[in-house]
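The values are calculated or read from the model by the stated rules, or taken from the named source; none is laboratory data. These numbers come from a predicted model, not from an experiment. Backbone-built Cβ (ideal geometry, glycine too); neighbour counts: all protein chains shown.
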Amino acid sequence: MRCAWPDTAYGLGVLYEREGDLEQAAGWFRRAAHSGHRRAALSLADVLRRLADERGERSPDAADVLLAEATRWLAEAWSSSGRDAATPDAIELVTDLLNRHQRRAARRALLDPAPRRDAADLEPAATA
């Protein structure tokens, strides 16, 4: 989904983000990011992180999807090795996303623990 004017798409994303419309902001940042706009990729990761916060309580699965997409765009911006990706804001975003992933994984483990297994279950079956 490349766009012809990534700078314009990025600008629209900034405008919608300032107005508090994170859905629209994400859409415009996504268009610009698909066209290789690094700042848009970083902004998209941040907006998706905030959307995950908003939806996390109502729909944990949706929040997981948003955090995964945010991580992907952050990695995309980072791998393009632009100076934008090494800013303190980007580093803070990386740290924040990693912490969120760890907390969500721990929460999932507490809510849906794996079944406990006895030592007998772990021993190889005897062959006749």
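Taking the range 20-113 as the region of interest, the helices (runs of 4 or more DSSP H) fully inside it that hold 3 or more residues being at pLDDT below 90 and over 24 Å from Tyr10 (Cα atoms) are 60-79, 88-111.
When the residues of the range 23-37 are filtered to those that are closer than 13 Å to Glu69 by Cβ and in contact with a helix residue (DSSP H, G or I) (Cβ under 6 Å, 6 or more places away or on another chain), the one that is surrounded by the fewest Cβ atoms within 10 Å (Cβ to Cβ) is Arg30. Selection over the range 1-19 of residues that are part of a helix (DSSP H, G or I) and out of contact with any Leu (no Cβ under 9 Å at 6 or more places or on another chain) gives a count of 12.
One line per residue, one yes/no per condition, for (1) more than 14 Å from the chain's Cα centre (by Cα); (2) of a type in the set (A, V, I, L, M); (3) surrounded by 15 or more Cβ atoms within 10 Å (Cβ to Cβ); (4) more than 23 Å from Arg103 (Cα to Cα):
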position: Gly20; (1), (2), (3), (4): yes, no, no, yes
position: Arg39; (1), (2), (3), (4): yes, no, yes, yes
position: Arg49; (1), (2), (3), (4): no, no, yes, no
position: Glu57; (1), (2), (3), (4): yes, no, no, no
position: Asp61; (1), (2), (3), (4): no, no, no, no
position: Asp64; (1), (2), (3), (4): no, no, yes, no
position: Leu67; (1), (2), (3), (4): no, yes, yes, no
